[in-house]
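Take a look at the structure set out below.
The values are calculated or read from the model by the stated rules, or taken from the named source; none is laboratory data. Just so it is clear, the model here is predicted, and its values are computed rather than measured. Every residue, glycine as well, gets a Cβ built from its backbone with ideal geometry; the counts of neighbours run over all protein chains shown. Quick note on the areas: whole protein, heavy atoms, side chains included, nothing else; ligands and nucleic acids left out. Shrake-Rupley method; radii C 1.70, N 1.55, O 1.52, S 1.80 Å.
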Amino acid sequence: MTPDIVVFDIGGVLIDWQPHLAWADEMDASEAHDFMDRIAFDKLNLACDAGATFALAASRIANPEDAARLGRYVARYQHTVPAKIAGTWDILYALKDAGTSVHAITNWSAETWPEGCKAHPELLEVFDTTVVSGEVGVIKPSTEIYALLCHRADVAPERCVFIDDGLHNCLGARAAGMDAIHFKGPDALRKDLSARSLL
């Protein structure tokens, strides 16, 4: 079956996410990255994407100053999503203009998702169906989250092509029965979608 439905990841595909910018007023980029490495931010953030709270994550940090700093992350979240990836938005709107159904699956905390939507309100408007991992307690690349999108959108996975900047998430989508495109930039994406007769 040729896919006729497009499912987007959001961070790194449609929105530029730079978490170190949450602390730009108190640390330079190098200091912020050192802090994030020190607290294993990537692992803590992934746990929050799966449903944990940042308060819980902060409570697991032994250093009180570092814990307090992470505790301020949600309130500062809008600073971390400063820009859209314009070329991908052009593609998304071209798909919609052509009548293609467009959905989203994102690994995103239930606490920071509303903040991201305040920064980029279009995220609440452009997708027919959106599955946010932190709201459902399941993260990519678990096949369960792709199946949930198909259930909510009432579509077969074979009809979907999923776009993600993480190869592991593309493999999860394929395991769930979807086609998948590993995002490497808007120009390459346009070619990949054209090859599938979607653009």
Show the residue pairs that are 6+ apart or on different chains and have beta-carbon atoms under 9 Å apart, the first residue being within the stretch 54-71 and hydroxyl-bearing (Ser, Thr, Tyr), the second being part of a helix (DSSP H, G or I).
Ser59/Ala67; Ser59/Gly71
Residues of the stretch 79-96 being without any contact (Cβ under 8 Å) to a residue 40 or more places away in the chain and charged (D, E, K, R), in sequence order, are Lys96
Residues Ile105, Ile91: which one is open to solvent by less than 20 Å² (accessible area, probe 1.4 Å) and farther than 18 Å from Ala176 by Cβ?
Ile91
From the set of residues in the stretch 159-199 that are surrounded by 14 or more Cβ atoms within 10 Å (Cβ to Cβ) and acidic (Asp, Glu), which is farthest from Thr100 (Cα to Cα)?
Asp165
Residue in the stretch 6-15 that is assigned to a helix (DSSP H, G or I) and open to solvent by 20 Å² or more (accessible area, probe 1.4 Å) present:
no
The number of residues in the stretch 172-199 that are farther than 14 Å from Cys150 by Cα and acidic (Asp, Glu) is 2
Positions within the stretch 102-115 being over 13 Å from Asp9 (Cα atoms) and touching a strand residue (DSSP E or B) at 6+ places or on another chain (Cβ under 7 Å), in sequence order
Ala110, Trp113
When the stretch 127-158 is examined, which residues are found to be open to solvent by less than 40 Å² (accessible area, probe 1.4 Å), without any contact (Cβ under 8 Å) to a residue 40 or more places away in the chain and more than 17 Å from the chain's Cα centre (by Cα)?
Cys150, Pro157
